[in-house]
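As structure tokens, the structure follows; a few thoughts come after it.
The values are calculated or read from the model by the stated rules, or taken from the named source; none is laboratory data. Note that the coordinates shown come from a computational prediction; the quantities given were computed from them, not determined experimentally. Because the Cβ atoms are built from the backbone with ideal geometry, glycine has one as well, and the counts that use them run over all protein chains shown.
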Amino acid sequence: MKYEITENTKRVWGVILHQVRYVESGELGGWIEKESNLSQNGDAQVSGDARVWGNARVSGDAQVSGDAQVSGNAQVSGNAQVLGDAQVSGNAQVLGNAQVLGDAQVLGDAQVLGDARVSGDIWKTSPLYIQGTVHALTNCKKGHIQIGCKCFTFDYWSKHFKTIGKAEGYTPEQIEEYGHYIELFRKVGK
């Protein structure tokens, strides 16, 4: 056995979690609800104050540490890392060499694969979204606007929206419309 479940417990969201102890080193690890949350095979670890519960599973050589939370039916496997205050839940999967860092959240049916890295602060409110006459506009990430499939900073759009609009076949009226949307994003967007 790679680890054992100790008698140390804590309650999180109404679930009783048990701290693990790694047999070889004798070190205390993070917290799991049940043995199926952390594979006894491979080098997978839950450490620090990290918590794994529900039907979530950490396997392979994956690492969950810091104050990270993995719950629901989430899967963290391969060489994946979930670190800091990151949260992975629902049916989400973090696989391969992927990393989820900081205050990032991976929720629902999301998949983070390969060498992907998800990090940064979570949105406190929904990002701004406007359905224009040609393409939708949204905050694709903080300080950026996505129009159609193009994502650039607020400043870049302000300087180049006319050129991009002409290249995309927008009419002069549509270019003016999108210029107003971009200014709105600069004022109230994230």
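Quick test for you: out of Lys162, Lys166, pick the one residue that is touching a residue at least 12 places away in the same chain (Cβ under 8 Å) and more than 15 Å from Leu137 (Cα to Cα).
Lys162
Could you pull out the residue among Val188, Val106 that is out of contact with any Pro (no Cβ under 7 Å at 6 or more places or on another chain), at pLDDT below 90 and either of a type in the set (Lys, Arg) or within 30 Å of Ala68 (Cβ to Cβ) (or both)?
Going through Val188, Val106 in turn, just one is out of contact with any Pro (no Cβ under 7 Å at 6 or more places or on another chain), at pLDDT below 90 and either of a type in the set (Lys, Arg) or within 30 Å of Ala68 (Cβ to Cβ) (or both): Val106.
Go through (1) under 30 Å from Ile164 (Cβ atoms); (2) surrounded by 15 or more Cβ atoms within 10 Å (Cβ to Cβ); (3) modelled with pLDDT under 85 for Thr125 and report which single condition fails.
(2)
Grab the strands (runs of 3 or more DSSP E) fully contained in the range 1-115, keeping just those with 2 or more residues being of a type in the set (Lys, Arg).
The strands (runs of 3 or more DSSP E) meeting that bar are 3-12.
Being modelled with pLDDT under 90, hydrophobic (A, V, I, L, M, F, W, C), surrounded by 14 or more Cβ atoms within 10 Å (Cβ to Cβ) and part of a loop (DSSP other than H, G, I, E, B) is the filter here; which residues of the range 128-183 pass it?
Leu128, Cys140
Scan (1) on the phi > 0 side of the Ramachandran plot; (2) in contact with a strand residue (DSSP E or B) (Cβ under 8 Å, 6 or more places away or on another chain) for the single condition Gly108 breaks and write down its number.
Result: Gly108 passes all but (2).
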